[in-house]
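Inspection log for the structure reproduced underneath, given as structure tokens.
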Amino acid sequence: MTTITPSNRIRVDLERNPYDVVIAAGHLALIGDELLRSGVTPGRRILVISNADVAGPYGDICLNSLRQAGFTAELEVIEAGESQKTPATVALIHDAAYRQKLERSSLMVALGGGVVGDMTGFAAATWLRGIAVVQIPTTLLAMVDASIGGKTGVNHPRGKNLIGAFHQPRLVLIDPTTLSTLPEREFRAGMAEVIKYGVLGDTALFDELERCEDPSCAAGVGEERLASILKRSAAAKAKVVAADEKEGGLRAILNYGHTFGHVVETLCGYGTWLHGEAVAIGMVAVGELAVQRGSWSRAEADRQQRLIAKCGLPTAWPDLDPSTVLQSLQGDKKVQNGRLRFVLPTTIGRVEIRDDVNREQILNCLKALRA
């Protein structure tokens, strides 16, 4: 059995059911050995969920590794994309689980980006009242964010991720070589989440991205810097999740840029913007809100916007009716007792969670964004 060195393992140190994030090039072909080594599942039956773009180059690699390790593994290909992130698609995964006779000791494997990971995780959480799931992310966004932390779910027509469950994976396997087939637009979308970690607490990462000549593509980032980005982002996410598994407090900081970003996704139509693109717009918007409130400097807001643009991400707020934006914000799942919670930056490297943002401040922010 081929081993993976400890230096490439990041522990998500939960009180119950801790797990590893393994980052190792070429190790998708060793997923079967890794499952045996880690004892992730006592069962033999595995259902791999993927979409056509990912299953083409990587489906057989995954299945062959699992079967060589003695598992009975089958692949189910679903339609991906935000517009497909619905209860109906999860029902298709449930149908496949029934056909493959998955038991409580069985395992689902999500092979793909964040949408595949979210839906597979939710299907696993609800099949037989919960079976194990392993995440194998193949997009930058999923590698640095979506695959870690156990947030699963689907969209409601009125809001993003309103239907879901917390269901932690038993293992996250990140194989950076799968990024070689990732479209550049998808890579740029993932960089939005990387910038987020810089603003939240990793000023060195933010500085490093600013120094990078072309952070809008994998070639421009470079292999060494990409490896550093993956490890630092995964470690940052793991630390926050371990401290606050179900978003009772600290974990809410990971929603930086997402409150406005989800509005963009919902009102512009799922699929118009990639999730990371909407988050980029959302970070610019919440940065403007912080400037308007006097808690963040214009200079740092401009610095954030320049880096977002340098990564090839959108920064302009779309032409949306302000009253409709307010209505959408009130439907956000982060509302508590009718009060919106925003993650606001105070400096690059530090944010705060506030629930005292009023209607007038939001409208003034939207006016400034449209101007």
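Looking only at segment 123-176, count every residue that is assigned to a helix (DSSP H, G or I), crowded, with 24+ Cβ neighbours inside 10 Å and touching a helix residue (DSSP H, G or I) at 6+ places or on another chain (Cβ under 8 Å) and tell me the total.
Selection size over segment 123-176: 8.
For residues in segment 147-193 being out of contact with any His (no Cβ under 8 Å at 6 or more places or on another chain) and of a type in the set (Gly, Ala, Ser), which is farthest from Met119 (Cα to Cα)?
Ser180
Just checking, how many residues over segment 207-236 are within 18 Å of Leu141 (Cβ to Cβ), touching a residue at least 24 places away in the same chain (Cβ under 8 Å) and assigned to a helix (DSSP H, G or I)?
Residues that pass the stated criteria total 12.
Restrict the check to segment 276-291 and report whether at least one residue is over 16 Å from Asp319 (Cα atoms) and part of a loop (DSSP other than H, G, I, E, B).
No, there is no match, as no residue in segment 276-291 is over 16 Å from Asp319 (Cα atoms) and part of a loop (DSSP other than H, G, I, E, B).
Just name the residue that is nearest to Glu223 (Cα to Cα) out of those in segment 148-180 that are touching a Leu at 6+ places or on another chain (Cβ under 9 Å) and hydroxyl-bearing (Ser, Thr, Tyr).
Thr177
State whether one or more residues within segment 190-203 are small (Gly, Ala, Ser), closer than 30 Å to Ile61 by Cα, in a helix (DSSP H, G or I) and modelled with pLDDT of 95 or more.
Within segment 190-203 (the criterion being small (Gly, Ala, Ser), closer than 30 Å to Ile61 by Cα, in a helix (DSSP H, G or I) and modelled with pLDDT of 95 or more), the answer is yes, since at least one residue qualifies.
Looking only at segment 208-259, count every residue that is out of contact with any Leu (no Cβ under 9 Å at 6 or more places or on another chain) and not basic (Lys, Arg) and tell me the total.
The qualifying residues number 21.
State whether one or more residues within segment 74-91 are under 18 Å from Leu173 (Cβ atoms) and part of a helix (DSSP H, G or I).
no
Among the residues of segment 194-239, what is the count of those that are of a type in the set (A, V, I, L, M, F, W, C) and either touching a His at 6+ places or on another chain (Cβ under 6 Å) or farther than 17 Å from Val22 by Cα (or both)?
13
Return yes when Ile348 is surrounded by fewer than 16 Cβ atoms within 10 Å (Cβ to Cβ), under 19 Å from Asn255 (Cα atoms) and of a type in the set (A, V, I, L, M, F, W, C) and no when it is not.
The answer is no for Ile348.
Just to be sure before I move on: is Ala189 surrounded by fewer than 22 Cβ atoms within 10 Å (Cβ to Cβ), in contact (Cβ under 8 Å) with a residue 40 or more places away in the chain and of a type in the set (Gly, Ala, Ser) in the structure I sent?
Considered against the rule, which asks whether it is surrounded by fewer than 22 Cβ atoms within 10 Å (Cβ to Cβ), in contact (Cβ under 8 Å) with a residue 40 or more places away in the chain and of a type in the set (Gly, Ala, Ser), Ala189 comes out as no.
Sort out which residues of segment 355-367 are in contact (Cβ under 8 Å) with a residue 24 or more places away in the chain and of a type in the set (D, E, K, R), and write them in order of number.
Correct list: Arg359, Lys367.
The values are calculated or read from the model by the stated rules, or taken from the named source; none is laboratory data. None of these values were measured; they are calculated from a predicted model. Cβ sites come from the backbone with ideal geometry, for glycine too, and all protein chains shown count toward neighbours.
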